[in-house]
1. Could you pull out every one of the helices (runs of 4 or more DSSP H) wholly within region 1-115 that has 2 or more residues that are at pLDDT 85 or above and open to solvent by less than 70 Å² (accessible area, probe 1.4 Å)?
2. Please work out which residue is modelled with the highest pLDDT, limiting yourself to region 262-287 and to residues that are surrounded by 14 or more Cβ atoms within 10 Å (Cβ to Cβ) and farther than 15 Å from T307 by Cα.
3. Need the failing condition index for V363 against (1) open to solvent by less than 60 Å² (accessible area, probe 1.4 Å); (2) within 26 Å of N190 (Cβ to Cβ); (3) part of a helix (DSSP H, G or I), just the number.
4. Hey, does region 310-322 have a residue that's within 23 Å of the chain's Cα centre (by Cα), closer than 18 Å to G220 by Cα, more than 16 Å from the ligand (Cβ to nearest atom) and part of a loop (DSSP other than H, G, I, E, B)?
5. Answer with yes or no whether A291 is at pLDDT 95 or above, assigned by TED's automatic domain parsing to the domain that holds Q343, open to solvent by less than 50 Å² (accessible area, probe 1.4 Å) and out of contact with any helix residue (DSSP H, G or I) (no Cβ under 6 Å at 6 or more places or on another chain).
6. Within region 221-250, can you find the residues that are within 13 Å of the ligand (Cβ to nearest atom) and open to solvent by less than 50 Å² (accessible area, probe 1.4 Å)?
7. If I ask for residues that are of a type outside the set (F, W, Y), within 16 Å of the ligand (Cβ to nearest atom) and in contact (Cβ under 8 Å) with a residue 24 or more places away in the chain, which ones from region 262-304 would you list?
8. When only residues in region 251-261 that are more than 7 Å from the ligand (Cβ to nearest atom) and open to solvent by less than 50 Å² (accessible area, probe 1.4 Å) count, which is farthest from I316 (Cα to Cα)?
Amino acid sequence: MLRGTFQLMKSVNKTAILNKIRLAGPISRADIAKETGITPPTVSTIVKELMAENLVAESRLGKSKGGRKPTLLLLKEDGSYVIGVDAGSKTIKAIVSDLVGHVLARAEVEIYPHSTNEAFLEQMTAVIRTVLSEIADQCEKVLGIGVAMHGVVEIESGISLYSSKTGLRNVPIKETLEAAFDLPVTVENNSRAMAIGEYWFGDYGYIQRFSVINIGRGVGSGLIVNDKLCYGAQDLTGEIGHVSISLDGDVCSCGNRGCFETFVSGDAIVKRAKKMIQDAPDDLTAEKVYAFAKEGKTDYIHVLEETGKLIGIGIINLVHTVNPDQIVLGGGVMKSADFLMPQIQQTIRERALTEKAKAETKVVISKIGDDATVLGAAALLLTELFY
Ligand SMILES: [Zn+2]
């Protein structure tokens, strides 16, 4: 598919019908018309177009309400593919996904230490070529490339402005990949992409205000309201990792002091453990803290419980600023959820302003886990197609 065809293909009715089939399929043409308010002849015409574009397929016959059995429509899962790329602080992952999040091919490379913009883009291009080579005979089905990039991203230009963990600045991701592959490319912050991945493939149904917090080496979040990602005036919506928790706390990767990230990231957990436990090993990692806690070592359990309380504080700040209906927690740190969650829930019960918020603030662990961000990157293209 050539660049720019998304816009040509789209119309309000087409988007509504495609989304109805995605969310409610298998569904008959008659039910689509009834539920969307679009006239039956228009539904038939648009469905014909969607079938010609390989996005929708006819499936089995439905139940007859008297007369002929209606043919049901479904998304044509393998009719089109999208590429998702997750550029974290240490690795670049790429996948090829179909329209419903089945992964057909995957590859991963470690980012060179002290990388340059050119070397980083070369690695990203190479890892995309690797996954494309695995579906060599079906490359024409690929609709485009979505990139989830750690750090601050300028959405329109697709430039990674600043990535604190790699130290890279002003990386022209969109321009480079579009030139290399002649496909549309969308670049997004990794936590926002994770929110899309979780919302799109996590099977939650429609949630009006949906938030995902990604807690790992850094901390970020994504907020989806009425099916759409929120950005804010300077693309900073969701930078919860840099909400100030303490005026004179530790220096954060962003340069400020006392950010939420400095209390709950993987590194923060290690630092806390070394402070709280005298005989903590020098080569301690957040993974080891969890392993020791699982072995029943009470000192390490306390470290995670303390971390859970602090994550709860960050969540309360989010509840009291945007008040989401649902908060999903993911990222490496949340692998210790069994020790963190009770404290998180308790902090919310203690600090939420109203009884209703105490009782009804829904906080759950990611359903998709490690693939949420890379699938979300792939879904960035789909959101353009479907909304
Ligand atoms: Zn910060």
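1. The qualifying helices (runs of 4 or more DSSP H) are 12-24, 29-36, 40-52.
2. Residue satisfying both the conditions and the ranking: L284.
3. (3)
4. Looking through region 310-322, at least one residue is within 23 Å of the chain's Cα centre (by Cα), closer than 18 Å to G220 by Cα, more than 16 Å from the ligand (Cβ to nearest atom) and part of a loop (DSSP other than H, G, I, E, B).
5. yes
6. Result: I240, G241, S246, G249.
7. Result: V264, S265, G266, D267, A268.
8. Among residues in region 251-261 that are more than 7 Å from the ligand (Cβ to nearest atom) and open to solvent by less than 50 Å² (accessible area, probe 1.4 Å), the one farthest from I316 (Cα to Cα) is G258.
The values are calculated or read from the model by the stated rules, or taken from the named source; none is laboratory data. What you are looking at is a predicted structure, and each value in this text was computed from that prediction instead of being measured. We place every Cβ from the backbone using ideal geometry, glycine too, and count neighbours over all the protein chains shown. Please note that ligands, DNA and RNA were not included when accessible areas were found on the heavy atoms of the full protein model with its side chains. Shrake-Rupley method; radii C 1.70, N 1.55, O 1.52, S 1.80 Å.
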